[in-house]
Amino acid sequence: MTSIGGAEMVDWNLAVATAIRFVRPGPEVSPDEARAVVAELRGHARASEAHVREFTRMIPEGHEPEDTPVLVVDRAGWIKANVAGFRELLTPLLDKMQERRTGGPTGAVLGAVGGKVTGVELGMLLSFLASRVLGQYETFAPATRELPAGAAGGGRLLLVAPNIVHVERELDVDPHDFRLWVALHEETHRTQFTGVPWLRDHLEGEIQSFLGETDVDPMTFLERLREAAQSLAGARPEGEVGDDDGGRSLVELVQSPAQREILGRLTAVMSLLEGHADYVMDGVGPRVVPSVAEIREKFQQRRAKGAGRLDLALRRLLGLDAKLRQYRDGERFVRAVVDQVGMDGFNRVWTSPNTLPTKAEISKPADWIARVHRRTDG
């Protein structure tokens, strides 16, 4: 998502403007309905905090972690928050690429592309995603008046109201139950980051290591973009044999061997976080969400099928199919560990980066139990 050779690597303002211009319009609601939805989501977020803490036992009784704000936003608000987060994360990489700009024909061509085209590309990507995200714990964007954060530099919980309303209507489920169900999942993420103080810095360090290994040679970058275009079109170089899904994701296409190792660790962490949120949502849901069984079944069907051919192609290219696998694999890991050693035994996963599961252990929970519990109990 970056270009090489321009005076500005990414025109961030243009990225925001492009995304807001092309994002799909939200569902039609009256002003009174909109105010009621916002108020209800805020109330559900507050209620979910107590439910999640009681179920997960991640935060000891009497200990009050850093308070982080809950922001109910529209699609434009989600876009602005994520552009701010991307800018913060990508600045070291962009500075590195700026230093490596090359002269000659290649540099001239890439310089002509410049930051404005890259801003448009990023904006189009975010316009696609902005109508699909129900909620997010955003932790990397710096605090501003429009995007407040925790007092100690933590993040903020975003609930995307128009998307929640759109999905509850599409699924034809009880809106009040669905809103609480979504809040439980997203509140679990907030509890993960506020209850595990080292988690944010660990994730940021892994991401910066991944970006630091990025191959910034311009010709290599162009070749990777060509491969990405082939992947989106469903093409494959002659004689190449790959997965039956028709191509690799854009993330996979830009990896060096070192990046693959880092990405394996990141995949394991994200599988844990997403699977844990799903597990908590299912654990708390039956007690507080009367129609949770219907919601879960319909939502799983929606998650799996996507909206159409283009949607499926973009999901594959962006690696969103891998995210769906993270929910399934991570939830199976959490469930298996809790079944074997209980919730307190599972919570040893939050002790330090060394007790996080590896990618292999996500698929084999017994290996994680043997490694962590044998070492700490022996």
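Values quoted throughout were computed directly from the atomic coordinates according to the rules given, and no laboratory measurement underlies them. Bear in mind that the values here come from a model prediction, so they are computed numbers and not experimental data. Backbone-built Cβ (ideal geometry, glycine too); neighbour counts: all protein chains shown.
Some points to look at:
- Evaluating 6.51 cos²θ - 1.76 cosθ + 1.60 at θ = phi - 60° for every residue in region 48-54, the Karplus couplings come out as 5, 4, 5, 4, 5, 4, 5 Hz, glycine and proline recorded as x.
- Here the 3J(HN,Hα) profile of region 30-43, calculated from phi with Karplus coefficients 6.51, -1.76 and 1.60 at θ = phi - 60°, is 6, x, 5, 4, 4, 5, 5, 5, 4, 5, 5, 4, 5, x Hz, Gly and Pro shown as x.
- As a proxy for reagent exposure, ranking Met343, Met58 by other Cβ atoms within 10 Å from fewest up yields Met343, Met58.
- For Leu71, residues with placed amide H under 5 Å, excluding near neighbours: Leu157, Leu158, Leu159
- Sorted ascending by nearby beta carbons within 10 Å, beginning with the fewest, Arg296, Arg156 become Arg296, Arg156.
- The string of couplings for region 292-297 from the Karplus curve (6.51, -1.76, 1.60, θ = phi - 60°) is 4, 4, 5, 4, 4, 5 Hz, one whole number per residue in order, with x for Gly and Pro.
- In this structure the amide hydrogen of Gly135, modeled in the peptide plane, comes within under 5 Å of the amide hydrogens of Val160, none closer than 5 places in sequence on its chain.
- Qualifying GluC sites (Glu not before Pro) in region 40-100, where qualification requires a DSSP coil assignment and no more than 12 other C-beta atoms within 10 Å, comprise Glu61.
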